[in-house]
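*Asks:* For reference, the structure I am asking about is given below.
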């Protein structure tokens, strides 16, 4: 009978402990799940942004997402290693020629493929190269860059607005006649006819 009393007391303790700790453990488990979901959502946001802006590597959104990689993929060594290779190439001071551009593109595709695999997308390299970027956007970006660079040079006093004066052919002929007449008066001792009214 003493054994039965001990068992009941032990079972009462186990039930009481489970009753008290159950809600606490459930809340903690919920927090862990939410933290995991938030971390995965940040990774997906970085991947989605890099994919959506892969044709415009100079866009602020692309640069911001690229700079978030070491934070959101902190414990993912493979991703961070590929990111480091890409950023190191971007930071290189060599000429931005076709060879440099091709290597930049290849390294970006490696990064996107590695991140995609990490977050559950299984794209291959060929799929990553498929990107829609209208020629009009490229031309608009080039024009915007030229305007921005030109205006900065003007405001710094290193350039000026190019000015071209266009005169109608009739006015140019009249101006030529007037200049010939004035030349005759000044250089050949000609007379200037003045009419006073």
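Values quoted throughout were computed directly from the atomic coordinates according to the rules given, and no laboratory measurement underlies them. Given the structure is predicted, the values throughout are model-derived calculations rather than measurements. FYI the Cβ positions are ideal-geometry reconstructions off the backbone, even for glycines, and counts take in every protein chain you see.
*Asks:* Reported to two decimal places, what Rg/Rh ratio describes segment 110-172 when computed on Cα atoms with Rh from the Kirkwood expression?
*Replies:* Numbers: Rg = 23.3 Å, Rh = 16.6 Å.
Radius of gyration relative to Kirkwood radius: 1.40.
*Asks:* Please rank 32, 100, fewest neighbouring Cβ atoms within 10 Å first, as an exposure proxy. Display every interim value, and only then the final one.
*Replies:* Details: 32 10, 100 14.
In order of increasing Cβ crowding within 10 Å: 32, 100.
*Asks:* What angle do you read, to the nearest 10 degrees and between 0 and 90, between the alpha-carbon axis of helix 60-72 and the longest principal axis of the chain?
*Replies:* Long axis of 60-72 versus the principal axis of the chain: about 30 degrees.
*Asks:* What's the angle, to the nearest 10 degrees (0 to 90), between helix 98-119's Cα axis and the longest principal axis of the chain?
*Replies:* 30
*Asks:* For the chain, take the longest principal axis of its alpha carbons; what is the angle in degrees between that and the long axis of helix 169-188, to the nearest 10 within 0 to 90?
*Replies:* Between helix and principal axis, roughly 50 degrees.
*Asks:* Cα-Cα pairs above 25 Å in the chain: how many percent? Please list the in-between numbers first.
*Replies:* Working: 12814 of 19306 pairs.
Roughly 66 percent, once rounded to a whole number.
*Asks:* How big is the equivalent ellipsoid of segment 87-197 along its three axes, where each semi-axis is √(5λ) from the Cα gyration tensor, reported in whole Å from largest to smallest?
*Replies:* Details: eigenvalues 864, 56, 30 Å².
Working through the eigenvalues yields semi-axes of 66, 17, 12 Å.
*Asks:* With an 8 Å cut-off on Cα pairs and a minimum separation of 6 or more residues, tell me the relative contact order of the chain in percent.
*Replies:* The value is 13 percent.
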